[in-house]
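Student: Submitted below is the structure of interest, expressed as structure tokens.
The values are calculated or read from the model by the stated rules, or taken from the named source; none is laboratory data. Small disclaimer: the values here were computed from a predicted structure and weren't measured. Here Cβ is always computed from backbone atoms with ideal geometry, including for glycine, and neighbour counts include all displayed protein chains. Accessible surface is based on the protein model in full, side chains and every heavy atom, while ligands, DNA and RNA are left aside. Shrake-Rupley method; radii C 1.70, N 1.55, O 1.52, S 1.80 Å.
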Number of protein chains: 4
Amino acid sequence: MIRFNNDYNRGAMECVMNALTQSNPVSYAGYGEDTLCRGAVDKIRALCAAPEAAVHFLPGATQTNFTVISAALSSVQSVISADTGHINCHEAASIENTGHKILELPNTDGKISAEQVRACAEAYYLGGEPEYLTEPKMVYISFPTEQGTIYSLAEISEISSICRQYGMYLFVDGARLPYGLCADGSDITLPELARYADAFYLGGTKCGALFGEALVITSNYLKRRFKAHMKQNGAVLAKGWLLGLQFSAMLENGEYFSAAKRANEFAVRIREAFENRGVELWVKSPTNQQFVIVNRAQKEFLAQDFIFEEVCEVQNGTVIRFCTSWATGESKIDTLTAKIAEMPV
Amino acid sequence: MIRFNNDYNRGAMECVMNALTQSNPVSYAGYGEDTLCRGAVDKIRALCAAPEAAVHFLPGATQTNFTVISAALSSVQSVISADTGHINCHEAASIENTGHKILELPNTDGKISAEQVRACAEAYYLGGEPEYLTEPKMVYISFPTEQGTIYSLAEISEISSICRQYGMYLFVDGARLPYGLCADGSDITLPELARYADAFYLGGTKCGALFGEALVITSNYLKRRFKAHMKQNGAVLAKGWLLGLQFSAMLENGEYFSAAKRANEFAVRIREAFENRGVELWVKSPTNQQFVIVNRAQKEFLAQDFIFEEVCEVQNGTVIRFCTSWATGESKIDTLTAKIAEMPV
Amino acid sequence: MIRFNNDYNRGAMECVMNALTQSNPVSYAGYGEDTLCRGAVDKIRALCAAPEAAVHFLPGATQTNFTVISAALSSVQSVISADTGHINCHEAASIENTGHKILELPNTDGKISAEQVRACAEAYYLGGEPEYLTEPKMVYISFPTEQGTIYSLAEISEISSICRQYGMYLFVDGARLPYGLCADGSDITLPELARYADAFYLGGTKCGALFGEALVITSNYLKRRFKAHMKQNGAVLAKGWLLGLQFSAMLENGEYFSAAKRANEFAVRIREAFENRGVELWVKSPTNQQFVIVNRAQKEFLAQDFIFEEVCEVQNGTVIRFCTSWATGESKIDTLTAKIAEMPV
Amino acid sequence: MIRFNNDYNRGAMECVMNALTQSNPVSYAGYGEDTLCRGAVDKIRALCAAPEAAVHFLPGATQTNFTVISAALSSVQSVISADTGHINCHEAASIENTGHKILELPNTDGKISAEQVRACAEAYYLGGEPEYLTEPKMVYISFPTEQGTIYSLAEISEISSICRQYGMYLFVDGARLPYGLCADGSDITLPELARYADAFYLGGTKCGALFGEALVITSNYLKRRFKAHMKQNGAVLAKGWLLGLQFSAMLENGEYFSAAKRANEFAVRIREAFENRGVELWVKSPTNQQFVIVNRAQKEFLAQDFIFEEVCEVQNGTVIRFCTSWATGESKIDTLTAKIAEMPV
């Protein structure tokens, strides 16, 4: 069986493993106050053209999401998200557990628009900040989204501009960031992201590392005492250098991006294989997640050799997801596309 | 400079690194639902003679502490701890952040007694469970304690018996568990711990792993939906097998225990070197943490070559801590004891 | 100007004021442990035919809602509500502030159906209680709803039956309960409510009292330590007898119900006056809240003499709400209906 | 039986009852946005010489405490309090329930000193704001304290000055404020309190009102969105005018203060009666609460005719508390002192 069910079913890139082995006989300062983390911070600041940004390494994405959100919001403030947002659907109500409401906006292919955000903020502010409503204080988007789609530079900059108009933070979940940045047609860069977002992260877990996310905070307000928020939420790794070294290794030689680009290309090959068979797409994604609508016979046929995710039932079949990743080998794509070619109608 | 400042300044045991390398080309199911975790669970259940225990792997100790405590308690229940308990002093009020009061009891060398626990529970129950008080529902102790001391089997069993009498959970923080179990004079075993505690953990981070703690839950009530509590608190590692494989590797060949035993012996050599110079102990510890009281000249002399922790100021000097670990080499102990022998009076 | 904007713009019924005056020279035990509260508890248990029910008096409805919900739910459990539910729209995210997600279901005239509730529970349980989802553990409905509509006995009993099937609590917000019970066409009684709901309350604030709600808990699990939850949430009034005496007074002579019935009749007269002018109803309500759609000229004409609430803008005008209450005098209805009769088209 | 067990066993002053009756036929705007509240706000601002202060009316003291504290603190900030502070002992961990640690300082007769507060803040700031500690951000004191003692102007101003040096808020629990202000030897006034504290309240429940506390906020930061915090915590009374009118009535004719002064004098008569019998004081209080140490025979003798509170057991007997209040009649003091005079040795 070949796993295409997600992008975190394999360990780490060779460069990460080598760096890990190399660091093993050395002793380091704890809690991320070490030379390896400092090196990684410098690299990330440089890539983002954001020398003043705070960069923190956290073990996981759910932790990163609720730590940032709860650090940013007072108890009468809330966060805007697409109804399909990861924080709204996949994290066991971890945001509400920190005491904050998620203001859900209906998504279009996983995305929300500046116009929707404006309407949500206006309803609160034109209403005179009524005491019985929470204040929308942050906008959370994912890049790419849960559906694999991406925001354009224009879309991000418009959302950012609404955020600034209403004093809201823009927080970008980048668990799959390089897949988005390197997607065909993507027109946004790290320095632009750093300029438009108040906080965002470079995903590690799904992008070549064993685990870990690199959070970039550009908002001065959010920087304050952030590490105490991390500590309180169990997000300060004792052996912090393990996170720094992984990001250094992946960024050093650019494999962080080149592997994502390759994974996207493989994903598009999968999509095209389905399209060639006349299979309907659930959403057209340029990144490493592909969603197609198959019938029962097709699903069972593919399930003979491959593990994939069943997303939901729709009118004309089942939505299934195939993920590639930095670890996907070309031969597995060949095997899959060959199988798709033989798939029943 | 040689680091004796803590027991988490080095990567992982060779056996862990090898297992990690070996697993790298293989794909696994996510979130701890993989074969490596299942293997580690089986080993731990066997070692604990607790075939019904739930075993979960969490990335870090702070997370483990607040996840267990908040999963166990309703909002009007609280946890009893020594005033020096890790959860009360070193975790940025993470327990209070989940909504629960810590009922602090004064410690004796880091420990609390069954009698103190009984008095605390009685005050509540003899008072008729008054509505204006929180209900003490859990006792948290560390084995070994923050001061490196250990509870005897008799002490643990008495505390456990008070807990059961009053319907309180006993939760044992085992971030340094093997150092305690393998200490000279320690008379408690894993099966006994599993019998007397409702939940406890085998520390990984400080005991030979890169990171991770293995939580053992014997209370049926606490088992229920525990993984959802983990998920909500960001404590479910996407690549969960990374945790399972580390515990398997360390337990497989017994190095988890033998390395702790060696570290304890090294620690005692350090203590004896100080005692030989007439230096006063702050507390007499049989485990890998040693606390001595030095004067300014001594502190500065030692700081020339070694990194250690300053704990607090006392009447007759500064309390400093030296930690050994699974990674400490004998030559470093030789260097340190030689230096101590030359220390000014 | 005559206020029809809400049902809490006047003090209390004469019988309440008299009881208050009578109690003033007497000293009582605190925190609701007094004879007046005991008398009120007995009356309410008798009216509900629920001799085992726990009855508590809380100062306000928002407090009652979040105290019940947070007392009932563990941190990985959530509450189902209509998207228009009071807890979801009017209470400044007080439920999320206690750490719980509201699972919103789309409403039909303010109501949700047993079928919707079943689908929501099934999605969770058929999915195998996935760790990344919160567990739906309570259903919150209002009787009458925010739109003034009422559930039939059949509807409530079906929702209750789904709740019991899935181990969920049914909690009925009764801030306006007597208006619902005494509505034309209402077929539910207090004993039935006590049988089908695990907790519900008899509203005081909007129904004749100065302030206060009488919470009835029939679920044994919810009864446990409930007063500690109240205390923790500031919901134990020091001079608790003030709440007991108000409910006793209103229930003693049945004015609690007769006044609600009269208010409903007045409300229907208002509705009919609008209908006679061909004004469209937003929702057809049999209780003390009436919602009609008026144009700008009509709104401004009515606003000359009356205070009412603007609910929202719709295609063909503005939805405005007129509330009657236990305190509404017939002459004010005459004045209003006369004005409506003169209203521009 | 005569109740001396607390200062909230009677309804309200005549002036309050009259105002209540007078307001009953009138309709008002809700949620404290009415003319009666505005009048009370003006009176309080004038008495405090604080025209810019925000004044809010909340139903109860526990609510006021946790609403202010949780509104003021971020999740990594904590509140300093005497270990005997009301929030630490009598409110069912309501502060921790909002996610904040109480940093307990040992009390001296219920009070803490500026020096203790400084040491607590310094430990944090000299330590470099370590990430594993919460930030002390507020100091909570009671005036008078739980033991009936009072702070001098010099003490309050020193604590305030330390607070400002370290950027901490000073919050004064004034549930019994007039008893403190009017105590023999008290040298602090409302304008001084408004100058030195960032927030404090004029107690109503224990000082002549049926219920309610008048919160004065002078800190601009704390003023922001405070009413949303109140709403979220269920502390916005629907019929808010009921609170405004009570404070207006009590302050109008100065009875708020004169009744407290009389209660203090009565309390001192009780204390002197005990002193005349050679009974030891537990603490020497100039306010309406008196604490004496009696033996078993004395306690039982007094319990024949009076209800009082047993505070705790000490070496030489039981500490019992007698409370007077605005409602205490002189004849009851005569009866009590006569009984004390006959008390066994």
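Student: If a residue must be open to solvent by less than 10 Å² (accessible area, probe 1.4 Å), within 14 Å of chain B (Cβ to nearest Cβ) and either over 26 Å from D:Q77 (Cβ atoms) or in contact with a His (Cβ under 7 Å, 6 or more places away or on another chain) (or both), how many such residues does region A:66-88 contain?
Tutor: Residues in region A:66-88 being open to solvent by less than 10 Å² (accessible area, probe 1.4 Å), within 14 Å of chain B (Cβ to nearest Cβ) and either over 26 Å from D:Q77 (Cβ atoms) or in contact with a His (Cβ under 7 Å, 6 or more places away or on another chain) (or both): 2 in total.
Student: Could you tell me whether region B:244-258 includes any residue that is of a type in the set (A, V, I, L, M, F, W, C), out of contact with any helix residue (DSSP H, G or I) (no Cβ under 6 Å at 6 or more places or on another chain) and crowded, with 22+ Cβ neighbours inside 10 Å?
Tutor: No: zero hits.
Student: For region A:134-150, how many residues meet the condition of being closer than 30 Å to A:Q290 by Cβ and open to solvent by 20 Å² or more (accessible area, probe 1.4 Å)?
Tutor: 2
Student: Being within 20 Å of C:S75 (Cα to Cα), open to solvent by 10 Å² or more (accessible area, probe 1.4 Å), in a helix (DSSP H, G or I) and within 14 Å of chain D (Cβ to nearest Cβ) is the filter here; which residues of region C:89-133 pass it?
Tutor: The one that is within 20 Å of C:S75 (Cα to Cα), open to solvent by 10 Å² or more (accessible area, probe 1.4 Å), in a helix (DSSP H, G or I) and within 14 Å of chain D (Cβ to nearest Cβ): C:N97.
Student: Same structure again: Taking only pairs six or more apart or across chains, which ones have beta-carbon atoms under 7 Å, a first residue in region C:6-29 that is within 13 Å of C:A327 (Cα to Cα), and a second residue that is surrounded by 21 or more Cβ atoms within 10 Å (Cβ to Cβ) and among the β-branched types (V, I, T)?
Tutor: Every condition considered, the pairs that remain are C:Y8/C:T205.
Student: Quick check: is even one residue across region B:317-328 of a type outside the set (D, E) and exposed (fewer than 11 other Cβ atoms within 10 Å of the Cβ)?
Tutor: Checking region B:317-328: not a single residue is of a type outside the set (D, E) and exposed (fewer than 11 other Cβ atoms within 10 Å of the Cβ).
Student: Still on this model: Six or more apart or on different chains, Cβ under 6 Å: which pairs go from a residue in region A:59-79 that's over 23 Å from D:L222 (Cβ atoms) to one that's modelled with pLDDT under 95 and in a loop (DSSP other than H, G, I, E, B)? Could you list them?
Tutor: A:T62/A:E91
Student: If you don't mind, there's one more thing I want to ask. Identify, please: which residue in region D:151-196 is among the acidic types (D, E) and without any contact (Cβ under 8 Å) to a residue 60 or more places away in the chain and is, among those, surrounded by the fewest Cβ atoms within 10 Å (Cβ to Cβ)?
Tutor: For region D:151-196, the residue satisfying everything is D:D187.
Student: Please pick out the residue among C:F57, C:F66 that is assigned to a helix (DSSP H, G or I), aromatic (F, W, Y) and within 19 Å of the chain's Cα centre (by Cα).
Tutor: Just a single option satisfies the conditions, and that option is C:F66.
Student: Now, a different point. Could you check C:I307 against (1) among the aliphatic types (A, V, I, L, M); (2) surrounded by fewer than 24 Cβ atoms within 10 Å (Cβ to Cβ); (3) within 22 Å of C:G60 (Cα to Cα) and say which number it fails?
Tutor: C:I307 satisfies every listed condition except (3).
Student: In the list C:V216, C:V236, which residue meets the criterion of being in a loop (DSSP other than H, G, I, E, B), aliphatic (A, V, I, L, M) and touching a residue at least 40 places away in the same chain (Cβ under 8 Å)?
Tutor: Exactly one residue qualifies, and that residue is C:V236.
Student: Tally up the residues in region A:11-30 that are at the interface with another protein chain (Cβ under 9 Å from one of its Cβ atoms), surrounded by fewer than 21 Cβ atoms within 10 Å (Cβ to Cβ) and of a type outside the set (S, T, N, Q), please.
Tutor: Result for region A:11-30: 6.
Student: Here's a follow-up. For the list (1) touching a residue at least 24 places away in the same chain (Cβ under 8 Å); (2) open to solvent by less than 50 Å² (accessible area, probe 1.4 Å), I need the number of the one condition that B:K299 fails.
Tutor: Tallying (1) touching a residue at least 24 places away in the same chain (Cβ under 8 Å); (2) open to solvent by less than 50 Å² (accessible area, probe 1.4 Å), B:K299 fails exactly one: (1).
Student: Also: Can you tell me which residue among A:A61, A:A49 is open to solvent by 20 Å² or more (accessible area, probe 1.4 Å), facing chain B (nearest Cβ under 9 Å) and small (G, A, S)?
Tutor: A:A61
Student: Given (1) within 14 Å of chain B (Cβ to nearest Cβ); (2) assigned to a helix (DSSP H, G or I), identify the lone condition not met by A:E158.
Tutor: Condition not satisfied by A:E158: (1).
Student: Look through D:Q63, D:Q116 and report the one residue that is in contact with a Gly (Cβ under 7 Å, 6 or more places away or on another chain) and on the phi < 0 side of the Ramachandran plot.
Tutor: Matching residue, one of D:Q63, D:Q116: D:Q63.
Student: Now for a different question. Looking at C:V55, C:V41, which one is more than 9 Å from chain D (Cβ to nearest Cβ), crowded, with 22+ Cβ neighbours inside 10 Å and β-branched (V, I, T)?
Tutor: The conditions single out C:V55.
Student: Select from region A:278-292 the residues that are surrounded by 13 or more Cβ atoms within 10 Å (Cβ to Cβ) and over 18 Å from A:T145 (Cβ atoms) and list them in ascending order.
Tutor: A:V279, A:E280
Student: Still on this model: Name the residues in region D:197-237 that are of a type in the set (D, E, K, R) and either at the interface with chain C (Cβ under 8 Å from one of its Cβ atoms) or surrounded by fewer than 24 Cβ atoms within 10 Å (Cβ to Cβ) (or both), would you?
Tutor: Passing the criteria: D:K206, D:K223, D:R224, D:R225, D:K227, D:K231.
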